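Some notes on the structure that comes next.
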Amino acid sequence: MGVSKTIWTNPTEFLRVNRPENPVLFFSPSALQATARRFIDGFPGMVTYAVKSNPEEVVIENLLAAGLRGFDVASPFEMRLIRRLAPDAAMHYNNPVRSRAEIAVAVEMGIKSYSVDSASELAKLIELVPAAETEITVRFKLPVGGAAYNFGAKFGATADLATELLREVAQAGFIPSLTFHPGTQCTEPTTWEAYIRTAAQIADDAGVAIARLNVGGGYPSHRLKDAPPDLEAIFAMIDTVATEVFGDNHPILICEPGRGLCGDAFSVATRVKAVRDEAHVFLNDGVYGSLFELPMIGVIDRTEVLASDGKRRSGEDLPRIVFGPTCDSVDRLPGELLLPGDIEEGDFLIFHGMGAYSTVTNTRFNGFGELGLATVLSLRL
């Protein structure tokens with residue numbers, strides 16, 4: 001999927017001129033760079049980008065332009081992408097499970113930071129990765145809430161196991177560090193507090209002074225109209241608690257936002273295929289396309305509807321069941337979406353905050369899934 005060479009004023013201008021039949025993602029470089037600077041200026045440590053959330057080259061290039069110099073990579077593909085676009089950038093290989101072939105690629109590319117959450121995977125790293133100037137970060141988990149879904153269901157050692165692993169990392173001659181992930185779309189700052197306090201206890205129990213504490217991703221993007229994310233409150237909580245619990249042994253702090261960085265830099269314009277019996281709205285995009293995430297973490301209510309001529313629909317909002325274009329009944333957005341009562345076939349339904357996991361999860365099921373990408377100065381209609 002290539003970005004258009006023309007830079008449009010806003011999505012309305014593009015839609016009025018082109019009236020596309022397939023969904024279009026609108027990308028605002030200025031919005032992405034503003035969010036990147038918000039992290040760089042506000043977070044009390046090093047900011048890295050979780051490439052998995054949106055690996056489009058224009059995203060990487062604009063993050064670099066904003067001053068970001070670190071990336072969380074999860075596969076050889078992502079390693080090679082970053083090495084090509086940003087040869088001098090730091091890469092942290094924080095996928096806790098890797099094949100020997102994948103580790104060999106990382107070693108060949110000079111990666112010096114890995115994460116681990118199990119004894120078997122740590123043994124693999126000790127066997128295959130040179131210890132000199134290499135960091136191994138032990139990932140742990142807690143049974144805490146505040147996120148859209150729990151990353152601890154798949155990754156993360158218990159505090160007791162993390163203590164053992166951290167001690168072994170140090171004894172093997174690697175640089176010992178700790179990391180956690182509070183869960184995706186986490187809006188509660190105290191979640192980070194609980195994790196940081198536990199990190200200090202793990203380090204103390206292991207008798208190890210950790211070099212760095214990676215306080216994870218999970219930073220929220222703006223999904224609901226009435227709930228803009230308060231990133232500064234999260235940053236302040238992280239800084240305050242880390243200073244309190246570590247004192248003179250304060251590790252370097254790292255964060256690895258994905259959706260928190262790229263989510264609000266994109267909007268997607270879908271087109272209404274049909275309004276069936278005034279109850280069901282069918283779109284040309286759905287959960288097999290760029291709307292894949294909505295059934296898992298909730299619908300985005302930051303929507304607007306434009307007629308095919310670009311004029312905004314303003315009828316009274318009514319609850320609608322919204323389906324995607326495929327013949328699969330799973331292809332439905334969760335719950336009901338409030339949409340203008342005068343919505344019609346051929347209208348454009350725009351979802352804002354669609355930069356994360358909208359391109360990488362898009363399939364071609366049933367022959368649908370073609371997705372355009374256009375650059376705009378502003379995402380405001």
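Read-outs: derived from the displayed coordinates by stated rules, not from any lab. The structure displayed is predicted, hence computed values, not measured ones. Here the Cβ is made from the backbone with ideal geometry for all residues, glycine too, and neighbour counts use every protein chain on show.
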- Relative contact order for the range 286-359, counting Cα pairs under 8 Å that sit 6 or more residues apart, in percent: 43
- Query: In what sequence do Val268, Val97 fall when counting other Cβ within 10 Å, fewest first?
  - Reply: Val97, Val268
- Query: Computed over the Cα atoms of the range 1-55, what is the convex hull's projected area averaged over all directions, in nm²?
  - Reply: 5.2
- Query: So for the range 1-116, what percent of the C-alpha to C-alpha distances run longer than 23 Å?
  - Reply: 41
- Too long for a 22 Å Cα-Cα cut-off, among Lys52/Lys154; Lys52/Lys225; Lys273/Lys311; Lys5/Lys311, are Lys52/Lys225; Lys5/Lys311
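From the helices alone, meaning DSSP H stretches of at least four residues, give me the mean residue ellipticity at 222 nm for the chain, per-run term -39500 (n - 2.57), in deg cm²/dmol to the nearest 500.
So the calculated ellipticity at 222 nm is -9000 deg cm²/dmol.
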- Message: Please compute the length gained on full extension between Ser308 and Arg69, using 0.36 nm multiplied by the number of residues separating them and subtracting their Cα-Cα distance.
- Response: 81.9 nm
- Task: Can you pull the one-decimal nm distance between simple spin-label points at Ala279 and Arg197, each 7 Å off the Cα toward Cβ?
- Result: 5.1
- Query: So for the range 30-262: antiparallel DSSP bridges make up what percent, rounded to the nearest 5?
  - Reply: 5
- Pick out which of Pro130, Pro96, Pro189 has the largest mean-square fluctuation in a Gaussian network model of the chain, springs linking Cα atoms closer than 10 Å. Pro130
- Message: If the elastic network links every pair of Cα atoms under 10 Å, which of Asp347, Asp248, Asp117 fluctuates the most in the Gaussian network model of the chain?
- Response: Asp248
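Nearest 0.05, what FRET efficiency do Glu344 and Glu61 give at R0 = 35 Å with Cβ-Cβ as r?
In this case the efficiency is close to 0.35.
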- Message: Below 8 Å, C-alpha to C-alpha, sequence gap of six or more: please give me the relative contact order for the chain in percent.
- Response: 23
- Have a look at Lys52, Lys225, Lys112 and tell me which one the Gaussian network model of the chain (Cα, springs below 10 Å) gives the largest fluctuation. Lys225
- Tell me, rounded to the nearest percent, the portion of alpha carbon pairs in the chain spaced more than 39 Å apart. 21
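Please compute the Kirkwood hydrodynamic radius of the range 93-141 from all pairs of different C-alpha atoms, in Å with one decimal.
Values: mean 1/r = 0.0934 Å⁻¹.
Every distinct Cα pair counted, the radius reaches 10.7 Å.
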- Message: With 10 angstrom as the radius, rank Leu253, Leu261 by how many other C-beta atoms surround their C-beta, starting from the fewest.
- Response: Leu253, Leu261
- Task: List, largest first, the extents of the alpha carbons of the range 192-339 along their principal axes, each in whole Å.
- Result: 67, 31, 21
- Query: Under unit Cβ charges (Lys, Arg +1; Asp, Glu -1), what dipole magnitude, rounded to 20 debye, does the range 30-262 have relative to its Cα centre?
  - Reply: 600
- Query: Using θ = phi - 60° and the Karplus form 6.51 cos²θ - 1.76 cosθ + 1.60, what ³J(HN,Hα) does each residue of the range 297-313 get, whole Hz, x for Gly and Pro?
  - Reply: 10, x, 6, 8, 9, 7, 10, 9, 10, 10, 5, 4, 8, x, 7, 6, 6
- Item | Approximate spin-label separation Lys5-Asp328, in nm, with each point projected 7 Å along Cα-to-Cβ | 3.7
- Message: At 7 Å along Cα-to-Cβ for each site, give me the label-to-label distance between Ser120 and Ile252 in nm.
- Response: 3.3
